[in-house]
Amino acid sequence: MGLEEYRGVYIFAQQADNQLNCIAFELLGKAKDLAEDLNTDVTAVLIGSGVKGLADELAAYGAQKVIVVDDPELKDYRTEPYAHALASVIRNYKPEIVLIGATAIGRDLGPRVSARVATGLTADCTKLEIGDFPLNPISGREQKHNQLLMTRPAFGGNTIATIACPNHRPQMATVRPGVMRAIERIDGAKASVEAFNPGFTQNRNYVEILDVVKSVNETVDIMDANILVSGGRGMGCPENFRVLEELAGALGGEVSCSRAVVDAGWKPKDMQVGQTGRTVRPNVYIAIGISGAIQHVAGMEESDLIIAINKDESAPIFEVADYGIVGDWKKIVPEMTKQLLAAKAGK
């Protein structure tokens with residue numbers, strides 16, 4: 001493989017019903033940073049049916065070029081035609097880096113495409129940067145420069161691994177939603193748009209979609225919340241989360257939790273904050289009864305304001321908190337709720 005033939009940072013711009021998923025904008029933000037380090041361009045690959053009109057939206061968030069694969073076979077996501085489309089784009093254009101969102105679709109698509117183009121893929125990345133690999137020089141081993149260093153949690157979130165793919169191209173990664181930041185929208189930005197269609201011939205791997213049933217999620221996505229009241233093992237039992245719900249209600253926020261709470265079966269997985277849960281960036285994050293293990297902190301450390309309440313004054317959560325209260329949450333949280341409600345009533 002001639003690695004020097006591969007140039008450019010590409011992202012898979014996921015869409016459904018002709019609406020772009022926000023992960024596309026997050027990937028473009030990171031792709032822009034990586035492309036600047038490599039002195040190259042950012043390209044979005046847009047796959048679907050009748051989707052060309054979305055190109056300007058991708059340009060507004062940093063895409064300099066948009067490759068559109070438009071075909072009736074691509075109206076709804078199906079593994080075989082989408083994998084064929086993206087793999088064909090990679091073979092034809094030879095990108096150096098390909099980023100895909102670690103969504104339900106991306107987790108299905110990414111590994112299949114990487115296998116077809118004979119390269120590696122690092123899944124569920126939480127950090128991407130350009131650097132040297134191995135990270136530290138090793139005697140008798142060549143240290144390669146300008147490699148994509150892909151960081152992800154491993155062994156159930158108990159350790160952090162940094163992975164590279166120095167001998168194959170493209171370097172591929174799936175990236176967890178909410179981890180990367182989209183750039184500020186640039187109104188009026190334009191990208192060069194190029195149509196590419198490898199042709200689609202149905203085979204035994206094509207499935208027929210008989211019906212699409214859209215589920216109604218009755219829970220709020222914590223990634224969209226401006227205020228989060230998050231509880232940990234220190235809450236003692238699931239019934240005590242009622243106190244957090246009252247505080248969140250007074251603040252106009254939502255309740256979230258740590259991994260320990262999910263592991264104990266107190267709350268569902270979609271409420272979990274951390275490396276193995278959701279990455280959140282609310283305006284206010286209140287951590288109650290949470291020790292502050294590195295896996296949890298990685299999922300909330302970029303919150304604008306962090307308030308921690310814990311009876312252990314040496315808890316690691318206080319190291320990242322803007323404000324910390326050492327004490328019993330059973331006394332502190334109800335009083336906070338009482339004061340907030342009183343302040344509201346007085347207006």
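Can you name every residue in the range 130-180 that is within 23 Å of Arg91 (Cβ to Cβ) and either assigned to a loop (DSSP other than H, G, I, E, B) or of a type in the set (A, V, I, L, M) (or both)? Lay out the reasoning, then the answer.
From the range 130-180, those within 23 Å of Arg91 (Cβ to Cβ) are 146-148, 150, 164-175; that's our starting set.
Once the filter is applied, which keeps residues that are within 23 Å of Arg91 (Cβ to Cβ) and either assigned to a loop (DSSP other than H, G, I, E, B) or of a type in the set (A, V, I, L, M) (or both), the range 130-180 yields Leu148, Met150, Ala164, Cys165, Pro166, Asn167, His168, Arg169, Pro170, Met172, Ala173, Val175.
Determine, yes or no, whether Arg116 is of a type outside the set (A, V, I, L, M), modelled with pLDDT under 90 and within 30 Å of Pro72 (Cα to Cα).
On the way: of a type outside the set (A, V, I, L, M): yes; modelled with pLDDT under 90: no; within 30 Å of Pro72 (Cα to Cα): yes.
Spelling it out, it is not the case that Arg116 is of a type outside the set (A, V, I, L, M), modelled with pLDDT under 90 and within 30 Å of Pro72 (Cα to Cα).
Can you name every residue in the range 38-55 that is crowded, with 22+ Cβ neighbours inside 10 Å and among the aliphatic types (A, V, I, L, M)? Reasoning before the result, please.
Looking only at the range 38-55, we keep the residues that are crowded, with 22+ Cβ neighbours inside 10 Å, and these are 42-48, 55.
If the condition is that a residue be crowded, with 22+ Cβ neighbours inside 10 Å and among the aliphatic types (A, V, I, L, M), then Val42, Ala44, Val45, Leu46, Ile47, Ala55 are the ones that fit.
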Just the residues that are surrounded by fewer than 18 Cβ atoms within 10 Å (Cβ to Cβ) and either assigned to a strand (DSSP E or B) or among the hydrophobic types (A, V, I, L, M, F, W, C) (or both), please, taken from the range 291-306.
Ile294, Leu305
Restricting attention to the range 241-290, which residues are of a type in the set (A, V, I, L, M, F, W, C), within 22 Å of the chain's Cα centre (by Cα) and part of a loop (DSSP other than H, G, I, E, B)?
Val280
Residue pairs, Cβ under 7 Å, 6 or more apart or interchain, first in the range 318-337 and assigned by TED's automatic domain parsing to the domain that holds Gly234, second assigned to a helix (DSSP H, G or I) and among the charged types (D, E, K, R). List them.
Thr337/Glu246
Go through the residues of the range 108-119 one by one and say whether even a single one is part of a helix (DSSP H, G or I), surrounded by fewer than 19 Cβ atoms within 10 Å (Cβ to Cβ) and touching a residue at least 40 places away in the same chain (Cβ under 8 Å).
no
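Here's the yes/no breakdown for (1) outside the structural domain of Thr103 (by TED's automatic domain parsing); (2) without any contact (Cβ under 8 Å) to a residue 60 or more places away in the chain; (3) touching a Lys or Arg at 6+ places or on another chain (Cβ under 7 Å); (4) within 21 Å of Glu313 (Cα to Cα):
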| position | (1), (2), (3), (4) |
| --- | --- |
| Ala260 | yes, yes, yes, yes |
| Ala264 | yes, yes, no, no |
| Val273 | yes, yes, no, no |
| Ala287 | yes, yes, no, yes |
| Ile290 | yes, no, no, yes |
| Ala298 | yes, no, no, yes |
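Rundown of residues vs (1) out of contact with any strand residue (DSSP E or B) (no Cβ under 7 Å at 6 or more places or on another chain); (2) surrounded by fewer than 22 Cβ atoms within 10 Å (Cβ to Cβ); (3) among the acidic types (Asp, Glu); (4) in the same structural domain as Ala87 (by TED's automatic domain parsing), yes/no style:
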{"residue": "Gln143", "(1), (2), (3), (4)": "no, yes, no, yes"}
{"residue": "Asn146", "(1), (2), (3), (4)": "no, yes, no, yes"}
{"residue": "Asn167", "(1), (2), (3), (4)": "yes, yes, no, yes"}
{"residue": "Val175", "(1), (2), (3), (4)": "no, no, no, yes"}
{"residue": "Arg181", "(1), (2), (3), (4)": "yes, yes, no, yes"}
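Is it the case, given these coordinates, that Ala35 is buried (at least 16 other Cβ atoms within 10 Å of the Cβ) and free of Cβ contacts under 8 Å to residues at least 60 places away in the same chain? Steps first, answer last, please.
Values: buried (at least 16 other Cβ atoms within 10 Å of the Cβ): yes; free of Cβ contacts under 8 Å to residues at least 60 places away in the same chain: yes.
Criteria met by Ala35.
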All but one of (1) at positive phi; (2) touching a Pro at 6+ places or on another chain (Cβ under 9 Å) hold for Phe133; which doesn't?
(1)
Out of everything in the range 204-220 that is of a type in the set (Ser, Thr, Tyr) and in contact with a helix residue (DSSP H, G or I) (Cβ under 8 Å, 6 or more places away or on another chain), what residue ends up being modelled with the lowest pLDDT?
Thr219
Could you identify the single residue in Ile286, Ile332, Ile317 that is touching a helix residue (DSSP H, G or I) at 6+ places or on another chain (Cβ under 8 Å) and under 19 Å from Asn240 (Cα atoms)?
Ile286
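Which is exposed (fewer than 15 other Cβ atoms within 10 Å of the Cβ) and farther than 26 Å from Val179 by Cα, of Asp76, Asp70?
On the way: Asp70 fails: exposed (fewer than 15 other Cβ atoms within 10 Å of the Cβ).
After ruling out the rest, the residue left standing is Asp76.
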Going residue by residue through the range 33-43, is there one that turns out to be out of contact with any His (no Cβ under 6 Å at 6 or more places or on another chain) and assigned to a strand (DSSP E or B)?
yes
Going by the conditions given, is Leu99 outside any helix (DSSP H, G or I) and crowded, with 17+ Cβ neighbours inside 10 Å?
yes
Tell me, please, whether a residue that is touching an Asp or Glu at 6+ places or on another chain (Cβ under 9 Å), aliphatic (A, V, I, L, M) and farther than 30 Å from Lys32 by Cβ can be found in the range 226-239.
yes
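The values are calculated or read from the model by the stated rules, or taken from the named source; none is laboratory data. All values reported here derive from a predicted model rather than from experimental measurement. Neighbour counts run over all protein chains shown; Cβ positions are idealised from the backbone, glycine included.
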